[in-house]
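Colleague: Below: one structure in structure tokens.
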Protein chains: 2
Amino acid sequence: MAQEPKFQPVQPVRAYQRIVEQIEDALIRGDLTPGQRLPSERELVSQFAVSRSTVREALRVLESGGVVRSRPGDPNGPEILPFTSAPLRKQLFRLARVDQLTLSELIGFRMIMDGAAIQLASRLRTDEQLAEMEQTLVAMRAAIDVDFNAFSEADLAFHEVIARVSRNSLIETCNEVVRGVVLGLIADKIANATNSRALMLESLQHHTEVVEAIRAGDGHAAARIARQNLYDYYAAYVPLPDREPLQALIDD
Amino acid sequence: MAQEPKFQPVQPVRAYQRIVEQIEDALIRGDLTPGQRLPSERELVSQFAVSRSTVREALRVLESGGVVRSRPGDPNGPEILPFTSAPLRKQLFRLARVDQLTLSELIGFRMIMDGAAIQLASRLRTDEQLAEMEQTLVAMRAAIDVDFNAFSEADLAFHEVIARVSRNSLIETCNEVVRGVVLGLIADKIANATNSRALMLESLQHHTEVVEAIRAGDGHAAARIARQNLYDYYAAYVPLPDREPLQALIDD
DNA sequence: CTCCTGAGCTGGTCGGACCAGTGGACTAGG
DNA sequence: CCTAGTCCACTGGTCCGACCAGCTCAGGAG
């Protein structure tokens, strides 16, 4: 059977794009690793045989993607950055704002992520890891009497343990990203309440229940509790339209 | 209680960044909508009171984020684009390649996403939507005799219905993004097999089982079948290290 | 030995220039 | 009157040269 020609629409490839590609490829191949430095702009000009404007456009693109960072006056040149989820969060934030993406969808997504991570954790955890979780609970209880930042840090540590135990960092990364997006959306409504002591105590209670279910090996129950807690947490701050899908996630 | 000064580390804000912010803000506020055109670069130069280099760097950043598209010679100026998941996929792809992100994690993530969407769908679906799903199955069966592209399109239509019924487009967006990333990672191993007729038939069979479970209202079973199918699909092509978490997702 | 200074680099921004390409106005032809 | 072809103003892509403020570090003053 003779194939149709199947021509592809051709769009011009700009010079700065090929520079971006070359640098990204070098990163993927491992020729460039985080912490290393790129040559200075003027040096790149001669290496790529283009003008400085073109080099700079390429560097701006890489910089907006979180790949490199340029600092004025730094004689070492632009720095290759380790990967962070910041650009991912930025993209998702735009998706949430520009596209119609409701709060319910974001929260539902978090409920799924959190539930899945905890369900995996309750199945895959070792006894040592369980002890580690309980250790973070103790740290959280202690942090309540310090300040909200300490508590927030202990909470982060807990989720980090969950991520490691579930053996899927992508879940926790996405969870973290969406968490940041939601926070950005409802920041005004939550601002003066986050440091409430009662809130921290309730959060601790929730975490304790989850760990209890994990210890019992009941991943199903652990996930349901986690989703319920997340739902309660957000519902306390902001009216949620379209609750039915969220309720469905809790009912299982 | 007197607050500590709490100074923030200040990093210089470049001119091009403020241009990007202004345009993104205008997009979020709705002053700019997809399809509209930005003024020409030289016009923006006078509006922002900066040089063309600066305007161009801002445009390159926006372009790399999928916000606008510039075409040489277009007298209408840069075009505001509708949101696509392409930049999201690019970011995640980089995370997968540069950072340590295993195939198992990506596939596990898809299993969770797919399962959750289908579980939601089986709970929230109306009879009309169920009929719609079955309609796409008919279309898929018909598409098998045409070519692989038609089948792939019908498959996409099925997932689109699921996304709508689950009332959470974010789930399907993420699923789609990760699907693209995985495809990019294992493209070499899957290349010459994707158009196999047997494969299409098997895929259709899987979809049929899922719809059957959705009809029965058994979200639990529907999700498990979906996860199992996804696992089988990938396992047929590529050896999966660290299968235990994936198996845990299937066992429930 | 320490401290300070200054030179030489860095990136950030500017202004001007040229080019190939686009699209719409304008005109010649029906 | 409408259509088809030409032409030109303007677009974005790239280049060049210049200036500035800031960072490092070598080297000199104490």
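Colleague: What about B:TYR237, is it buried (at least 16 other Cβ atoms within 10 Å of the Cβ), of a type in the set (Ser, Thr, Tyr) and on the phi < 0 side of the Ramachandran plot?
Modeller: Numbers: buried (at least 16 other Cβ atoms within 10 Å of the Cβ): no; of a type in the set (Ser, Thr, Tyr): yes; on the phi < 0 side of the Ramachandran plot: yes.
So B:TYR237 does not fit the description; no.
Colleague: While we're here: Can you work out which of the residues in segment A:46-57 that are more than 8 Å from every other protein chain (Cβ to nearest Cβ) and outside any loop (DSSP other than H, G, I, E, B) is surrounded by the most Cβ atoms within 10 Å (Cβ to Cβ)? Lay out the reasoning, then the answer.
Modeller: First, the residues of segment A:46-57 that are more than 8 Å from every other protein chain (Cβ to nearest Cβ): A:46-52, A:54-55.
Those left that are additionally outside any loop (DSSP other than H, G, I, E, B): A:46-48, A:52, A:54-55.
Working: A:SER46: 10, A:GLN47: 13, A:PHE48: 18, A:ARG52: 13, A:THR54: 20, A:VAL55: 24.
Across segment A:46-57, the extreme among qualifying residues is A:VAL55.
Colleague: Please work out which residue is nearest to the chain's Cα centre (by Cα), limiting yourself to segment B:58-76 and to residues that are surrounded by 19 or more Cβ atoms within 10 Å (Cβ to Cβ) and within 16 Å of DNA strand C (Cβ to nearest atom).
Modeller: Here the answer is B:SER64.
Colleague: Let me ask something else about it. How many of the residues in segment A:70-125 are within 23 Å of B:PHE93 (Cα to Cα), of a type in the set (Asp, Glu) and away from DNA strand D (no atom under 16 Å from the Cβ)?
Modeller: 2
Colleague: Within segment A:190-197, is there a residue that is surrounded by 14 or more Cβ atoms within 10 Å (Cβ to Cβ), in the same structural domain as A:LEU95 (by TED's automatic domain parsing), among the β-branched types (Val, Ile, Thr) and closer than 25 Å to B:ARG179 by Cβ? Before you say what the answer is, go through the steps one by one.
Modeller: The first filter runs over segment A:190-197 and keeps only residues surrounded by 14 or more Cβ atoms within 10 Å (Cβ to Cβ), leaving A:190, A:194.
Pick out the ones that are also in the same structural domain as A:LEU95 (by TED's automatic domain parsing) and you get A:190, A:194.
Then keep just the ones that are among the β-branched types (Val, Ile, Thr); that gives A:190, A:194.
Filter once more, so that each one left must be closer than 25 Å to B:ARG179 by Cβ: none.
No, segment A:190-197 has no match at all.
Colleague: Same structure again: Sort through B:GLN129, B:GLN135 and tell me the only one that's more than 10 Å from chain A (Cβ to nearest Cβ) and in contact (Cβ under 8 Å) with a residue 12 or more places away in the chain.
Modeller: Details: B:GLN135 fails: in contact (Cβ under 8 Å) with a residue 12 or more places away in the chain.
After applying the criteria, what remains is B:GLN129.
Colleague: Give all pairs with beta carbons closer than 7 Å in which a residue from segment A:208-225 that is buried (at least 16 other Cβ atoms within 10 Å of the Cβ) meets a residue that is basic (Lys, Arg) and in a helix (DSSP H, G or I); count only pairs at least 6 apart in sequence or on separate chains.
Modeller: A:GLY219/A:ARG123
Colleague: Filtering segment B:58-69 down to residues that are facing chain A (nearest Cβ under 10 Å) and touching a residue at least 24 places away in the same chain (Cβ under 8 Å), which residue is farthest from A:ARG97 (Cα to Cα)? Steps first, answer last, please.
Modeller: First, pick out the residues of segment B:58-69 that are facing chain A (nearest Cβ under 10 Å): B:58-67, B:69.
Okay, now just the ones that are also touching a residue at least 24 places away in the same chain (Cβ under 8 Å), so B:58, B:61-62, B:67.
Numbers: B:ALA58: 20, B:VAL61: 18, B:LEU62: 16, B:VAL67: 13 Å.
Step by step, filter segment B:58-69, then rank; the result is B:ALA58.
Colleague: Please specify each residue of segment B:71-87 satisfying the condition of being within 18 Å of B:VAL20 (Cβ to Cβ) and either more than 9 Å from every other protein chain (Cβ to nearest Cβ) or in contact (Cβ under 8 Å) with a residue 40 or more places away in the chain (or both). Explain how you work it out, then say what you get.
Modeller: Residues of segment B:71-87 that are within 18 Å of B:VAL20 (Cβ to Cβ), as a first pass: B:77-81, B:83, B:87.
The answer is B:GLY77, B:PRO78, B:GLU79, B:ILE80, B:LEU81, B:PHE83.
Colleague: Could you please find all residues in segment A:14-38 being surrounded by 15 or more Cβ atoms within 10 Å (Cβ to Cβ) and within 12 Å of DNA strand C (Cβ to nearest atom)?
Modeller: A:LEU38, the sole residue that qualifies.
Colleague: Further, regarding this structure: Among the listed residues A:GLU134, A:GLU105, A:GLU153, A:GLU128, identify the single one that is out of contact with any Gly (no Cβ under 8 Å at 6 or more places or on another chain), assigned by TED's automatic domain parsing to the domain that holds A:HIS207 and under 24 Å from B:ARG243 (Cα atoms). Working first, answer last.
Modeller: Values: A:GLU134 fails: under 24 Å from B:ARG243 (Cα atoms); A:GLU105 fails: under 24 Å from B:ARG243 (Cα atoms); A:GLU153 fails: under 24 Å from B:ARG243 (Cα atoms).
Result of the check over A:GLU134, A:GLU105, A:GLU153, A:GLU128: A:GLU128.
The values are calculated or read from the model by the stated rules, or taken from the named source; none is laboratory data. Just so you know, these numbers come straight off a predicted model, no measurement behind them. Note that we place each Cβ from the backbone using ideal geometry, even for glycine, and neighbour counts take in every protein chain shown.
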